[in-house]
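Engineer: Here's a structure for you.
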Amino acid sequence: MAAPAAPPGPGLALGPGLALGPGLEPVLREAVAALGRAGAGEGPAAALGAVRAALAAAGGPAALGERERALFGAFLRSLARAPGAARPEGVWQRCFLEGPPGLVLCVLLEALGSPGPGLDPREVVGVLEQFLQEGRVSALLWEVCQQQAQAACPELQDALLNKIVCLPEHVSNKLQGKNPPVFFPQTYFPLLGGAVLQVLQKISSSLRGGLDCSISFVSHVLGKVCVHGRQKEILGVLVPHLTDLTKSDCIWQRICWRLVECVPDRWMEAVVLGFVQGAPGADVLSRLLGNLVVKNKKAQFVMTQKMLLLQYGHTTAVLQNLLGYLSLDSLRRPVLLRVLQELLETWSSSSAVKHSPAEQQLYISKAILICLSHLKGHEIESCRQELLTSMMEGVKCHLDSSLPQLRRLGMVVAESISLKINTDGPVLKFEYEEDDETRELKSLLVQTPPFCVVPSFPEDDRSEKAGAAVPLVPESNEKPHTAAPVMPDEELDAELDSDDDLTPYDMSEDKELKIKAPVYIRDCIEVLTGSRSEDVDKWEATVKALESLVRKNPAATREVSVELAKILLHLEEKTCIEGFVELRQRAQVAVLTTDPIPVAKYLTSQFYSLNYSLRQRMDILDVLVLAAQELSCPKFHGKTKHSGAQKPCIQLLPGSDSSKDWRRIVDERIKSKTRRFDMGQSHVELASRPNEFNSVAGHFFFPLIQHFDRPLTTFDLLGEDHLVLGRLVHTLAILMYLAVNTVAVTAMGKALLEFVWALRFHTDSYVRQGLLSCISSLLLSVPTERILADMTEELLETQSWLGGRMQWGTSVLFWLVVQSLCGISLIVMAAVMSWRCAPEICVISCRDAALGYLRHKPRAGYGTSNCDCPHRPTTKIPKDSLCPLSLSEHPATHLMKLQEVLSRCLLTPRP
């Protein structure tokens, strides 16, 4: 609501307009009252004209006292809230542009951000645009500088600082990016830089006139702009002008020094970095910053630590500016020496060489060479020993690196340090292939003039510059790491002449010495557990020979079987030996098959122990499977015999018996001249032997199935380690299949069914596929009568689970009945099990049709195109859609294909 109109004061005549009274204060009060009445007519226009005339008569905004400024602020806020009819076009804008700039900016931004009656945002932005174009920002900065000299309010200055620096953001947020070009950052901040230059000009004039003036607010503006990331825009205007102004004027130099010194520490890094990057040379940087690095701790940290040791993205020109600045004053040269020592410490640190990137190593090497180029003779003498120590340590670390670039960097820096500390004696000289990088590094030893920018020489010019600094070495493809002092030419020629008479040794008959492998098991254990590096060849020979040694000495192996299994489980590859993983696995299998029970107990107990990786746990499963397969498979013995006649041959018979045995002779001749295309199939006489897996199957199987539901700190089968769970499920399925015809197969099958039931709803498809493998292995290994007699309840639960999910549990139960009645084989079982896979695989769809299918033997395989059952389809089915099982394949192949069929049944939804 508008305030009530004040009574007319003395000296004021109210009529068609407001007459100018004796002072500004009454005029402002009457103008506020006139705007509060919000009536259209000549009243508001006359009131605004009276305010402008009274302000000019009072001496302008700079002459206003604290009370008048408060009243003028109230007047501007009333004007911003007044309706459009009370604001004559062209007059109200001048009231804002001619008023105190600080108050004007605050009121305009308040009007821009507060919704309601009054000024439209576009009108406010238009006034702000005129505010910038008429140079009112410099007037604002100068006003605050004068107030700072009189101890003005810091809160008001902070508010003004935020509004000045963030003005483009305020306008863009209100106009949603549709702001005028003058408020673009690339336009506004150069304009702000020009305003700063105008204020610095006024400060220079004030100092020359003997008047006090504060530069602190300008420093704050510069720091806040730079910390907002706009160093390039504002310093791109300031640095060129300040460079010219500080060439021969000491007052301007002091102004620049004070400008940077007054920047708060929280903004100092951005300002210093902007000046170092923007200065055209080290001497210009020295004139602009003075001894800032000595006076300000924050600037010292930025220039000597952060820019040199923590950052490495700056250009070579920036490094030359920075280090040249440190070398141009006697107060700053101790800082340069300290910087060189810290750089050398980092360069010679083995940890830094190993863990820092190559780019940072190159950056530090450039900084070291630039520092060396600025050192004087007496400074080198004072730190000669430190330079020599750092050079020896650093070149060793770099030559030990596996990266050619780092080795070459170490050589170049070591050569440069040696050249500096040994000006009269021999210097280090390495052999390496020169490239652009090494030539640039060598060129940095030549001290560039401080008044110019570091030039970017072309390739030929840089080579000449580098040759002027350090003698070039001949290029070579080989890069040996040895260094030798450079000798005079006469001594070198004499040494070469003396070597001409030497003849090379004849090494054509040299043979590589072969390391003899150990011949005892305990010697293998000693070699594998040793840590001496000179036994690497013997270690490799031991790993390669261990399997055969274990199989040849079963008695000696059983004495140390558990210890050897432990060593092999934790054995790591010392050298790059081909097939190491396979060699270790075969040795583990050999140990396990030689002494199954204790080794199996150890491995299965370690599977659920702490401090093992997932890879080691899966290795244990692989070893158990391979050993079980080897123990369960019979060994083949006997000679191969061929059916049919022997190879034709001609027998010479005695002449006395030729008349009696003529028919035999004729038969032999006929046989000898008869061509035979088939000699008959070979068959092997099998030697029967007991199944070695029979007595140890439980030791392989039951410990693995006991603790799967007990999570450990680093191992959780039912949690995130589902990959190992899938491997475990498949391992149990294989062990179950290999335990066929063993005593423990029934107990194993019952435990496996309980295991499957616990994991039946697992979300991982690999685990579910393993569960199907478990079921199929159980059906193949456990006798049918034992399944129906001892596992009826578990079988019904499994049937309900399978039937409830994919409706093929009936097929499982039906197969058990058929097998018990008819003695059906694995292939017939697989064919019956596959009837539910898809309609195009087999047309049998009911139990009666299945029995009829079994009674009619197919002519070729189990494909429907050759099936004799009465439900054969009328259309011919292509070959690729036949049943995946065939009579002509091995039973083991049928097992794998059966598991594939069962997996598809469970994992693929039936349409």
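The values are calculated or read from the model by the stated rules, or taken from the named source; none is laboratory data. Here the structure is a predicted model, which is why all the values come from computation and not from measurement. Positions of Cβ are backbone-derived with ideal geometry, glycine not excepted, and every protein chain shown enters the neighbour counts. The area values use the complete protein model at the heavy-atom level, side chains included, leaving out ligands, DNA and RNA. Shrake-Rupley method; radii C 1.70, N 1.55, O 1.52, S 1.80 Å.
Engineer: Going by a ≥ b ≥ c, the root eigenvalues of the Cα gyration tensor, does the stretch 116-207 fall in the rounded group (a/c under 1.5), the prolate group (a/b larger than b/c) or the oblate group? Present the calculation step by step, with values, prior to reporting the outcome.
Structural biologist: Details: a/c = 2.34, a/b = 1.63, b/c = 1.44.
Note, shape of the stretch 116-207 comes out prolate.
Engineer: OK, next. Give me the net charge for the shell around I203: Cβ to Cβ below 14 angstrom, other residues only, Lys and Arg +1, Asp and Glu -1.
Structural biologist: Numbers: positive: K202, R208, R254, R258; negative: E143, D212, D249.
Here the count lands on +1.
Engineer: Something else now. Whole-Hz Karplus ³J(HN,Hα) for the stretch 279-287, in order, using 6.51 cos²θ - 1.76 cosθ + 1.60 and θ = phi - 60°, x for Gly and Pro?
Structural biologist: Going residue by residue, I get 6, x, x, 5, 5, 5, 4, 5, 5 Hz, with x marking Gly and Pro.
Engineer: Alpha carbon centre of the stretch 70-117 versus the stretch 404-427: separation in Å?
Structural biologist: About 71 Å separates the Cα centre of the stretch 70-117 from the one of the stretch 404-427.
Engineer: Take the solvent-accessible surface of the protein heavy atoms, probe 1.4 Å, and return the percent of it on the stretch 531-617 that carbon and sulfur atoms account for.
Structural biologist: Details: 2200 of 4450 Å².
Roughly 49 percent of what the probe reaches on the stretch 531-617 is carbon or sulfur.
Engineer: Another question about this same structure. Tell me the per residue accessible area of the stretch 194-259 using a 1.4 Å probe; a whole number in Å² is fine.
Structural biologist: Numbers: 3010 Å² over 66 residues.
Ligands and nucleic acids excluded, the figure is 46 Å² per residue.
Engineer: At a 1.4 Å probe, what is the % contribution of carbon and sulfur to the accessible area of the stretch 270-388? It would help to have the intermediate numbers written out before the result.
Structural biologist: Working: 2370 of 4400 Å².
Result for the stretch 270-388: 54 percent of the exposed heavy-atom area is carbon or sulfur.
Engineer: Using Cα centres only, tell me the gap between the stretch 273-295 and the stretch 228-242 in whole Å.
Structural biologist: Cα centroid of the stretch 273-295 versus Cα centroid of the stretch 228-242: 13 Å apart.
Engineer: While we're here: List, in the order given, every pair from K297/K396; K163/K295; K376/K429; K232/K354; K202/K295 whose Cα-Cα distance in the structure shown is over 29 Å. Don't skip to the answer; put the middle values down first.
Structural biologist: On the way: K297/K396 35 Å; K163/K295 31 Å; K376/K429 23 Å; K232/K354 36 Å; K202/K295 26 Å.
Distance filter (> 29 Å) returns K297/K396; K163/K295; K232/K354.
Engineer: Let a ≥ b ≥ c be the square roots of the eigenvalues of the Cα gyration tensor of the stretch 205-351; is it rounded (a/c under 1.5), or, if not, prolate (a/b larger than b/c) or oblate? Kindly include the intermediate steps, with their values, before the conclusion.
Structural biologist: On the way: a/c = 1.99, a/b = 1.68, b/c = 1.18.
Prolate.
Engineer: Which shape class applies to the stretch 75-132: rounded if a/c is under 1.5, otherwise prolate when a/b exceeds b/c and oblate if not, where a ≥ b ≥ c are the square roots of the Cα gyration tensor eigenvalues? Please list the in-between numbers first.
Structural biologist: Values: a/c = 1.39, a/b = 1.15, b/c = 1.21.
Rounded, because the longest to shortest axis ratio a/c is under 1.5.
Engineer: Using the Cβ atoms and a cut-off under 15 Å, what net charge is assigned to the surroundings of L55, where Lys and Arg are +1 and Asp and Glu are -1?
Structural biologist: Residues near L55 contribute +1 overall.
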